[in-house]
1. Report the label-to-label distance for Asp89 and Gln161 in nanometres (one decimal), using points 7 Å from each Cα along the Cα→Cβ vector.
2. Leaving out ligands, DNA and RNA, and with a 1.4 Å probe, what % of the accessible surface on the range 106-151 is carbon or sulfur?
3. Starting from the range 41-127, pick out the trypsin sites (Lys or Arg not before Pro) whose DSSP state is loop and whose Cβ has at most 11 other Cβ atoms within 10 Å.
4. Taking 8 Å as the Cα distance limit and 6 or more residues as the minimum spacing, I'd like the relative contact order of the range 50-130 as a percentage.
5. Take the alpha carbon gyration tensor of the range 39-163, find the square roots of its eigenvalues, order them as a ≥ b ≥ c, and report rounded if a/c is under 1.5; if not, report prolate when a/b exceeds b/c, else oblate.
6. Which whole-number value in Å² is the accessible area per residue of the range 50-130, probe 1.4 Å?
7. Roughly speaking, what is the stretch gain from Ala114 to Ser72, that is 0.36 nm per residue apart minus the C-alpha to C-alpha distance, in nm to one decimal?
Amino acid sequence: MNRIAPAVLAGLLALAAPLACTSPAKNSPNSADTASHKEETPVGKFSAPVEVGAKLHENKATVTVRFLSAGSDVRVDLSGVEGLQVSGDTSPVRGIQVSGASTQTFEVAFTPGAGRSHLVVAVSGTFDGNPLSKVSSFSVGTPTEAQQKSAGSVVTDESGQSIKLMQSTDAK
């Protein structure tokens, strides 16, 4: 029995070593420019190798998708949250091949929802042989009083980032 304990301990240490060598990803702050938003791939997360940016106007946006590596069967889908409705084609890119360091730009017409709503851009495809996707959201408008009073409490993490804690509902 005493000979088994060191072997078990060595095995547990070998399993725990990769965990000890990782650190949580930290998001870098984006530009404070409110007319132009850009969302980049956080370090340590598996997502499509793209950068998505949007210049927002009253009822339209200029969306730019910059591909950082080659991909196949690439698709870009547009949708809205909190009442935002995308006008026209909600899939401006379907099943294309992209080479590394290429860019696609397109205009998106939309009708914003009441108060603050969001334009959602989802990019998916096969990159380096792996099916990957990335979803970016861009806020439009000013929150209504009801949206500002939504349930939940705001806390700040160790890096100073605000996080809203929401109460979960039990599905019974």
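The values are calculated or read from the model by the stated rules, or taken from the named source; none is laboratory data. The model shown is predicted, which means the values in this text are computed figures rather than measured ones. All Cβ positions, glycine included, derive from the backbone under ideal geometry; neighbour counts span all protein chains shown. The protein model used for the area step is the full one, side chains on, heavy atoms only, and it has no ligands, DNA or RNA in it. Shrake-Rupley method; radii C 1.70, N 1.55, O 1.52, S 1.80 Å.
1. 3.4
2. 54
3. Hits after loop and neighbour filter: Lys45.
4. Averaging sequence separation for qualifying contacts and normalising by length gives 39 percent for the range 50-130.
5. Oblate is the answer for the range 39-163, as a/c is 1.5 or above yet b/c matches or exceeds a/b.
6. 48
7. 11.4 nm
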